[in-house]
Amino acid sequence: MSIKEVMRRFRSERLAFVSFIFLLIISIVAIFAPLITPYNPNAQNLSNILANPSFSHWMGTDNLGRDIFSRVIMGTRTAIQASLFAIIIPLSIGVPIGIIAGYLGGIIDDIFMRIVDAIIAIPGILLALGITAALGISLWNAMIAIGIVAIPQFARLARGQTLQVRTEPYVESAKISGAGPIWTMFKHIIPNISPPVLVQASVNISFAVLAETSLSFLGMGAQSPQISWGSMIQQAYSMINLNPWLIVYPGVATALTVMAGNFVGDGLRVAIDPKLKKL
Amino acid sequence: MFFKFLLRRLIYVIPTLLITTLVVFSFILLIPGDPVVALLGENATPEKIAQMREQLGLNDPILVQYGNWLLHAIHGDLGKSIFTGQPVFEAVTGRLAVTFQLVFISMLVSVGLGMFFAITSVYFPNSVMDYIARFISILGASLPNFWVAMLLVVFFSLTLNWLPATGFISITENTAGFFKTVLLPAISLGAVGMAVITRHLRSSLLEVMGADFVRTAYSKGVSRWRSIFNHGLRNAMLPVVTTIGIGFGNAIGGTVVIETIFAIPGTGQLAVNSILQRDFTMLQGVVLILIVLVIIINFITDIVYALLDPRIEY
Amino acid sequence: MTSKEEWPLLEVKNLHASISTTKGNIIPVNSISYSIKPGEIVALVGESGSGKSVSALSIMRLNAPEIKYKSGSVINYKGKNLLELKEKEMRRLRGNEISMIFQDPMFSLNPVHRIGKQIAETVKLHRKVTPKEAKDIVLDLLKKVGIPDPERRMSNYPHQLSGGMRQRVMIAMALACQPTLLIADEPTTALDVTIQAQILTLIRNLQEETGISVLLITHDLGVVAEIADRVLVMYCGKIVEEGTVDELFENPLHPYTKGLMASVPELSEHSKRRLETIPGSVPNPLELPKGCNFCDRCPYASEECGEKEPVLTKASAESDRQVACWYPLGKKGEINHYAKTSNFS
Ligand SMILES: Nc1ncnc2c1ncn2[C@@H]1O[C@H](COP(=O)(O)OP(=O)(O)OP(=O)(O)O)[C@@H](O)[C@H]1O
Ligand SMILES: [Mg+2]
């Protein structure tokens, strides 16, 4: 199935398409965040702390008088960066590993699959936590950890596709005509693998945002003055007696982004295989 | 026959155990620079560094190190905490009971409510319950567990004052206290699983209820309830068993966050504390034991699946 | 054969079932009327999509919920209109007095229950029996439907049985409460040819033994010839011809019936000859042709056929034969009053 066809059907999945637009907007916001924020998100104003929402502070201010809206906007950067890590790292490491394993087959493939299955069995957050701890606590390392955790899924996907494509006659004939085997694989697998990889990538956006906010929440991701929805929620929680509303804004932002990633994934899945359209 | 089958599955688990433990062990390789310096801090004395090096066996090749570590681990020796000097194995197992209680209740919540919502939504299509179930299954899976926890705390602890916001009482101490303290964390931990199970079971049940054999059941004079419970549910549960197994693993992972929020003295909290204290051996130990737990649960899931599906030959 | 009383056990009158879809109304069953007498085997034949299953499932009230019956539709069973029964009363009849077997035994049995349990369920639903009695009944039934080693087989799961065995289990299940009416919806279509014959023989023998009435649905006239007493021919949701098996095979009145007969190997007169199929295909239920629905495919159709729809009427004074055709065929397939060149055999 061509990617064009998938896209055409995807567009008719309304919820998924709206979610896709939402993610697109979030990404644009993330790129231009410093231009959009009405205030310096880290500027304190101790004369105006825990202010209620108003025209000047749409979401109010926190305990240090910082503008919550500006901070939520800046938080998109961290979330989108984490998502990019969770897509680019596995794409550039997992996919090649999967293709090579699938192509070589035999015992190497067996061993490879065992390893992948075993790692997938480890709850993602635990793995990310361990890797972050080892690399040293920082937002950068947390994102690398999130990316590493996502590798096995992509590897498994790529391997599955490779096994399918490997037996196709055009690959065989390419081999006979002297094309480099690995090159041939890549050339034929990349287009075939694109739809499922897109699904996995959008699901990974959800995972990345959840993992990043969780790690930041635990103090193992964003470090002040870096801004993450997770650390915002954590700070808000310590102030929850004073103003429970503070947890709402970053929480809703996180939930919406995660949801959007999931919806896009669902929509793509249906677009690839319309039989799934049931819920 | 069944015993042989168990054994075969058990043997299949061994490589998984080896690989996951190797992964956990090799975290140490990721530590940038000299791990011992990283562990002990820049101003550690050279003797201390040498001692630690010896203790961690860092002078041997990595596979030997892993072999030694594994050998010790099998004997319940996961080394000593760098921070407190306490044996890691005891520290972790001492806290395991708490985490286990929490995870168990959270799984009861997610499986119980998930099945309830899925079944009522299939039995009463287009009813209020159906819409609630669909709403939950769409939104629930996307809510961060720590955020759910906070909303629950704001509502049930701070506003209504019904349940405590922090703390934990073991079921062995005080049953009423246990349920009071475990309820909010268990719901926060199980919410995502509940949503996923609702969604998965609902679609699976809807599909099964359209199957030929359900029509056969109706043609025998079976009522709708009976057709769902006696004929639909067990078939529909088959694919969901795997989902439940995955949910278990996620719940165990989620304890890291939830135990921190609710100040529950379990293994999740221990993991977070040991990271913040740079207690690497402790972290390794916790993660290792939690992963072994997850693998055991996956194994049980496999067995349950085989027991539920007669088409799988032992 | 057991004696056949004259009052009908089942009397279907003006049964009309429709589904409204986004593209328009489909009428799978369009005002059909027929009856089944006690001890009679009535065959309902027609090509795929002619509405056989929908009309059969109407009797059980097991059609998909989107299928609606027009008011005025009546299915009288022992004098009660089944379409007006409460669901609870209906449940008491299903599997107890009226039971059904389906086309594909592969999927008709619950894969996770032992077959003994599945048969026993029918018994337990309708009779007060102890587990021991239920087990004896199951064993007895399995023996009756010719399953060897029933003691062992009853604890088998469906996947451990062959297709033929599974259909036997279905039959055992259907007969568990000694019903008075058995509906068999293409019970042999999914089976191998040799197994088909065995299952048909089984149905026939069980029918003779118990005197049960059977509504046998099939698109295979060979099956009909083998076991039915009377035949209803269905096309596009309507009954186009009715008669006893002998009458029908001796002298099909409707060109469609004749076409069906020509497409069955054992029935065609010159069996060496290439089998003929009816030209064209079943019309789209959303765009039924005007007039006689068969006129597009009928070699004898006149202009008139495409304008006015023929109704089912008695074909002769002395028998119950009925046909819905403007130009019924005469003896040996010749057209009665009006002749066009025939493409049929
Ligand atoms: N649930 C439904 N929704 C939409 N259309 C339906 C439904 N059930 C039956 N139909 C339509 O009604 C018509 C008659 O279907 P039915 O199953 O009764 O045919 P049949 O004679 O039993 O054919 P077959 O030999 O294939 O079993 C068909 O055109 C079918 O598409
Ligand atoms: Mg049918």
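How high is the FRET efficiency from C:S302 to C:T194, r the C-beta distance, R0 41 Å, rounded to 0.05?
With R0 = 41 Å, the Cβ-Cβ based efficiency is 0.40.
By how many degrees, between 0 and 90 and to the nearest 10, does the Cα long axis of helix C:131-144 differ from the longest principal axis of chain C?
On a 0 to 90 degree scale, this one is about 40.
I'd like to know which of B:G249, A:Q200, B:G57 lies farthest towards the positive end of the charge dipole of the protein assembly as shown, counting +1 on Cβ of Lys and Arg and -1 on Cβ of Asp and Glu.
Towards the positive end, the residue furthest out is B:G249.
Of chain A, which part is the longest with no chymotrypsin sites (Phe, Trp or Tyr not before Pro) in a loop (DSSP not H, G, I, E, B) and with at most 14 other C-beta atoms within 10 angstrom?
A:59-279
Within the stretch A:217-259, which residues have the backbone N less than 16 Å from the label spot 7 Å out from A:L50 along Cα→beta-carbon, could you tell me?
A:235-248
Given the stretch C:109-176 reduced to its alpha-carbon atoms as identical point scatterers, what log10 I(q)/I(0) does the Debye formula return at q = 0.22, 0.24 Å⁻¹?
-0.84, -1.00
Students often check this: by mean Cβ neighbours within 10 Å, which of C:35-45, B:64-74 ranks highest, and how do the rest follow?
Output ranking for C:35-45, B:64-74: C:35-45, B:64-74.
Take peptide A:104-115, look around each residue's Cβ out to 10 angstrom, count Cβ atoms belonging to other protein chains, and average those counts.
That average works out to 1.
In whole angstrom, how long is each semi-axis of the equivalent ellipsoid of the stretch A:163-218, when you take the square root of 5 times every eigenvalue of its Cα gyration tensor and sort them from largest down?
Over the Cα atoms of the stretch A:163-218, the semi-axes work out to 38, 11, 7 Å.
Under a crude label model (7 Å from the Cα following the beta-carbon direction), how far is B:I62 from B:E313 in nanometres?
About 4.3 nm separates the two model spin labels.
I'd like to know which of B:F25, B:I74, B:V13 lies farthest towards the positive end of the charge dipole of the stretch B:2-74, counting +1 on Cβ of Lys and Arg and -1 on Cβ of Asp and Glu.
It is B:V13.
What average count of beta carbons from other chains do you get within 10 Å of the Cβ of residues in B:220-232?
Per residue, the average neighbour count from other chains is 5.
When Rg is the radius of gyration of the Cα atoms in the stretch B:2-74 and Rh is its Kirkwood radius, what does Rg/Rh come to?
Ratio of gyration radius to Kirkwood radius: 1.18.
Which of A:I89, A:I122, A:I73 ends up with the largest GNM mean-square fluctuation for chain A, with Cα atoms connected below 10 Å?
Comparing A:I89, A:I122, A:I73 in a Gaussian network model of chain A, the most mobile one is A:I122.
Provide the FRET efficiency to the nearest 0.05 for the C:K80-A:S173 pair, computing r from the beta carbons and using R0 = 56 Å.
Working from the Cβ atoms, E equals 0.20.
Can you divide the C-alpha Rg of chain B by 2.2 N^0.38 Å and report the result to two decimal places?
On the way: Rg = 23.4 Å, N = 314, 2.2 N^0.38 = 19.6 Å.
Against the compact-globule rule of thumb, the ratio is 1.19.
To test your reading of the geometry: what angle, between 0 and 90 degrees and rounded to tens, separates the Cα axis of helix A:68-89 from the longest principal axis of chain A?
20
If you fit an axis through the alpha-carbon atoms of helix A:14-31 and take the longest principal axis of the Cα set of chain A, what angle between them do you get, 0 to 90°, nearest 10?
The two axes meet at around 60 degrees.
Taken together, the values in this text are just the output of simple stated rules run on the coordinates, not laboratory data. Remember, predicted model here, so these are calculated numbers, not experimental data. Cβ sites come from the backbone with ideal geometry, for glycine too, and all protein chains shown count toward neighbours.
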